[in-house]
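Input: a single structure, listed below in structure tokens.
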Amino acid sequence: MNRILLTPYGLKWNPFSTELPTEALYLSPKISDFFWRIENVHVREGGFALIQGDPGTGKSVVLRALADRLERQTDLTVGILNHPQSNLGDFYRELAEVFGVALKPSNRWGGFKILRERWISHLEATRTRCCLLIDEAQEMSPKTLLELRLLASARFDSQPLLAVVLAGDARLNEALTREELLPLGTRIRVRLALDYATREELAACLEHLLDSAGAPALMSPNLRHTLCERAGGNYRVMTNMAAQLLAVAAQREIRLLDDKLYLEVFAPPNSTAHSTRRNPKAR
């Protein structure tokens with residue numbers, strides 16, 4: 001933790017950091033409903049789920065929170081694929097590491113059998129499927145996606161062996177409508193579409209972040225409104241602006257983040273609205 005930013009404001013953590021504790025993440029009712037379906041239906045019935053949204057709309061946050069919730073279930077094995085752009089050989093290597101099996105990537109048929117046996121034994125022992133989470137899935141090649149589809153089911157596709165959650169931007173959604181990936185695209189059973197946020201949703205997120213960090217009065221009401229107006233519906237843009245304001249305020253020893261500070265930091269260089277604020281210690 002960066003105490004330089006936290007101590008002056010009595011913050012438990014930086015509310016605008018990408019390293020927020022999972023309990024501090026903002027989850028809308030729509031996301032909570034999606035989590036219920038994944039936890040209570042998807043991991044029991046298996047198949048493919050999709051989280052789709054443009055950059056900054058919250059895909060990675062959703063996956064992170066979902067992974068945390070699923071990993072708390074003692075009877076569930078959760079794997080996270082970290083290198084979606086891998087070729088097929090590396091894809092098998094990563095799956096072997098994720099699910100703790102020994103296989104030779106050069107022997108794809110052997111790897112295919114070993115992984116499926118691992119997933120079947122988990123299903124027979126726990127009545128839940130192993131779960132695989134894949135972020136930035138638009139980077140996966142069509143061959144790898146189709147290989148995953150074949151891996152993840154048995155008995156002529158009537159028995160899903162794995163619960164997969166794919167997350168990606170519009171390129172993934174578009175790819176799944178193409179002829180070569182229709183066998184996978186038509187098997188998406190649960191979907192979460194993340195759109196650009198309304199000003200009310202951004203305001204709810206900002207309030208949650210400040211409250212959870214223990215500093216509900218850190219920002220003036222006008223600045224909150226300004227950030228929500230200027231973020232363009234993008235959570236990441238809003239938190240990045242807020243993080244920059246917090247850093248400048250800490251440097252200048254300013255206790256309240258307000259519109260005046262916003263103008264000083266973000267106004268164009270030739271703006272007449274630009275004003276100067278001195279360090280209180282220099283007065």
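The values are calculated or read from the model by the stated rules, or taken from the named source; none is laboratory data. The structure presented is a predicted model; accordingly, all values stated were derived computationally and were not measured. Ideal geometry is used to build each Cβ from the backbone, glycine not excepted, and the neighbour counts take in all protein chains shown. We work out accessible area using only protein heavy atoms, side chains counted, and drop any ligands, DNA or RNA first. Shrake-Rupley method; radii C 1.70, N 1.55, O 1.52, S 1.80 Å.
Structure values in brief
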read-out	value
Any hit, segment 188-196, residues being within 30 Å of residue 5 (Cα to Cα) and of a type outside the set (S, T, N, Q)	yes
Pick from segment 257-274, criterion open to solvent by 90 Å² or more (accessible area, probe 1.4 Å) and polar (S, T, N, Q), ranking: modelled with the highest pLDDT	270
Selection within segment 114-144 - of a type outside the set (D, E, K, R), over 23 Å from residue 35 (Cα atoms) and surrounded by fewer than 23 Cβ atoms within 10 Å (Cβ to Cβ)	114, 115, 120, 121, 125, 141, 142, 144
Filter result (open to solvent by less than 20 Å² (accessible area, probe 1.4 Å), assigned to a loop (DSSP other than H, G, I, E, B) and farther than 29 Å from residue 52 by Cβ) within segment 182-219	213, 215, 218
Verdict on residue 53 being in contact (Cβ under 8 Å) with a residue 24 or more places away in the chain, within 28 Å of residue 201 (Cβ to Cβ), in contact with a helix residue (DSSP H, G or I) (Cβ under 8 Å, 6 or more places away or on another chain) and open to solvent by 10 Å² or more (accessible area, probe 1.4 Å)	no
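Residue-wise test of (1) out of contact with any Gly (no Cβ under 7 Å at 6 or more places or on another chain); (2) under 25 Å from residue 73 (Cα atoms); (3) among the small types (Gly, Ala, Ser).
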residue	(1), (2), (3)
128	yes, yes, no
143	yes, no, no
161	no, yes, no
185	yes, no, yes
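Listed here are the residues, each with its yes/no results for (1) at pLDDT 90 or above; (2) open to solvent by 30 Å² or more (accessible area, probe 1.4 Å); (3) within 12 Å of the chain's Cα centre (by Cα); (4) among the acidic types (Asp, Glu).
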residue: 35; (1), (2), (3), (4): yes, no, no, no
residue: 41; (1), (2), (3), (4): yes, yes, no, no
residue: 49; (1), (2), (3), (4): yes, no, no, no
residue: 57; (1), (2), (3), (4): yes, no, yes, no
residue: 66; (1), (2), (3), (4): yes, no, yes, no
residue: 95; (1), (2), (3), (4): yes, no, no, no
